[in-house]
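First the structure, then my questions, so here it is.
The values are calculated or read from the model by the stated rules, or taken from the named source; none is laboratory data. Fair warning: this is a prediction, and the values are worked out from it, not measured in the lab. Please note: Cβ atoms are built from the backbone with ideal geometry, for glycine as well, and neighbour counts cover all protein chains shown.
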Amino acid sequence: MIVTGKARSALRRLTRSSESEEYRQIGYMLADHAFAREDKTFSESALSDALTRLPFDGVEDLYIALGKGKLAISDFMEGVFPGRSEHEPAGAIINRDLIDDKTAKVYVKGEGLREGVSLQIGECCYPIPGDRSIGILTPDTGIVIHTIDCDSLEALEDQPELWIDLGWRRAADKTASVGQVTATLEHVPGALAAVTVIIGEAGGNVANIKTVKRSPAFFDLVMDIEVADARHLSQIVAAMRASAYVVSVRRARANV
Ligand SMILES: [Zn+2]
């Protein structure tokens, strides 16, 4: 194919504009998601006020900056709701964008992750950034993400055509993800409170908690904890293990 100078510059323009369109869409999705994370309904009218506080010419510019990661979610939300983060230390998990089924495609990379293919985070193993992760092509669902050591992968070992090698994008460094841990605790007053304090002090945010009675002496605690990445979750697990109330702690895996 012969590409003339004119055609080449037209092509370049096209690439550039479809790129910014993609960033704009990602930015819009992140803005919508940041609102939903705080139980607020997103509307563009809420942004017009914010634009007087943020250095952007218009909403489109703002979306593109968000999509490119040039504007942090926490700075965006502070611009929209001034003063909101006064009580939260900078970098607190609650101020970060949460990786979930909706935003996973922004933070995960891999062959075949085309526009329109939906991603879902495996609720068997709760993969988070830093985990070696595998995508499994699943009918009707799209691609389900698992940690490489998830037990549910064993049954699929003879179907390599369903496996997709996945990686986490650099932007995932500044996010929060939900990891799941199960802890066995001594059934004594104060145990639950002590463990919750340990998690908070280690910078984790307990998003969901379920207790299961095991015996008169012990109970199990299944917790969804928002963390920065796999290393952060390991630190939290280690801090929990050091508690006198805690008998054992393990990260979620299928069928265990
Ligand atoms: Zn899994």
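Specify the residue that is farthest from Lys102 (Cα to Cα); the eligible residues are those in region 135-174 that are under 16 Å from the mean Cα position of the chain (by Cα) and near the ligand (Cβ under 9 Å from one of its atoms).
Thr147
Which of the residues belonging to region 228-256 are among the small types (Gly, Ala, Ser) and either assigned to a loop (DSSP other than H, G, I, E, B) or crowded, with 21+ Cβ neighbours inside 10 Å (or both)?
Ala228, Ala242, Ser243, Ala244, Ala252, Ala254
Of the residues Ala72, Ala104, Ala65, which is touching a residue at least 12 places away in the same chain (Cβ under 8 Å), in contact with a strand residue (DSSP E or B) (Cβ under 7 Å, 6 or more places away or on another chain) and over 19 Å from Asn205 (Cα atoms)?
Ala104
OK, next. Anything in region 220-256 that is of a type in the set (Gly, Ala, Ser) and within 16 Å of the ligand (Cβ to nearest atom)? List them, or say none.
If the condition is that a residue be of a type in the set (Gly, Ala, Ser) and within 16 Å of the ligand (Cβ to nearest atom), then Ala230, Ala252, Ala254 are the ones that fit.
Okay, next question. Can you say whether Thr211 is hydroxyl-bearing (Ser, Thr, Tyr) and not assigned by TED's automatic domain parsing to the domain that holds Arg114, as far as the supplied structure shows?
The answer is yes for Thr211.
With the checklist (1) over 30 Å from His232 (Cβ atoms); (2) without any contact (Cβ under 8 Å) to a residue 40 or more places away in the chain in hand, flag the one item Ser20 doesn't pass.
The single condition Ser20 does not satisfy is (2).
With in contact with an Asp or Glu (Cβ under 6 Å, 6 or more places away or on another chain), away from the ligand (no atom under 16 Å from the Cβ) and modelled with pLDDT under 95 as the only criterion, which of Val206, Val188, Val195, Val212 stands out?
Val212
On to the next question. Please report, ordered by residue number, the strands (runs of 3 or more DSSP E) entirely within region 108-227 with at least 2 residues that are buried (at least 19 other Cβ atoms within 10 Å of the Cβ) and among the hydrophobic types (A, V, I, L, M, F, W, C).
Those strands (runs of 3 or more DSSP E) span 119-121, 133-138, 142-147, 163-168, 175-186, 218-227.
Further, regarding this structure: If you take the residues in region 45-59 that are touching a helix residue (DSSP H, G or I) at 6+ places or on another chain (Cβ under 6 Å) and not aliphatic (A, V, I, L, M), which one is surrounded by the fewest Cβ atoms within 10 Å (Cβ to Cβ)?
That would be Arg53.
Next question. Is there a residue being out of contact with any Ser or Thr (no Cβ under 7 Å at 6 or more places or on another chain) and under 30 Å from Ala242 (Cα atoms) anywhere in region 109-121?
Among the residues of region 109-121, at least one is out of contact with any Ser or Thr (no Cβ under 7 Å at 6 or more places or on another chain) and under 30 Å from Ala242 (Cα atoms), which makes the answer yes.
Only one of Gly69, Gly27, Gly83 is on the phi > 0 side of the Ramachandran plot and in contact with a helix residue (DSSP H, G or I) (Cβ under 7 Å, 6 or more places away or on another chain); which?
Answer to the selection: Gly69.
Say whether the condition of being of a type outside the set (S, T, N, Q) and in contact (Cβ under 8 Å) with a residue 60 or more places away in the chain is met by at least one residue in region 184-196.
Yes, region 184-196 contains at least one residue that is of a type outside the set (S, T, N, Q) and in contact (Cβ under 8 Å) with a residue 60 or more places away in the chain.
Sticking with this one: Considering only region 110-119, I want to know if a residue exists there that is within 16 Å of the ligand (Cβ to nearest atom) and over 21 Å from Tyr28 (Cβ atoms).
Yes, that holds for at least one residue.
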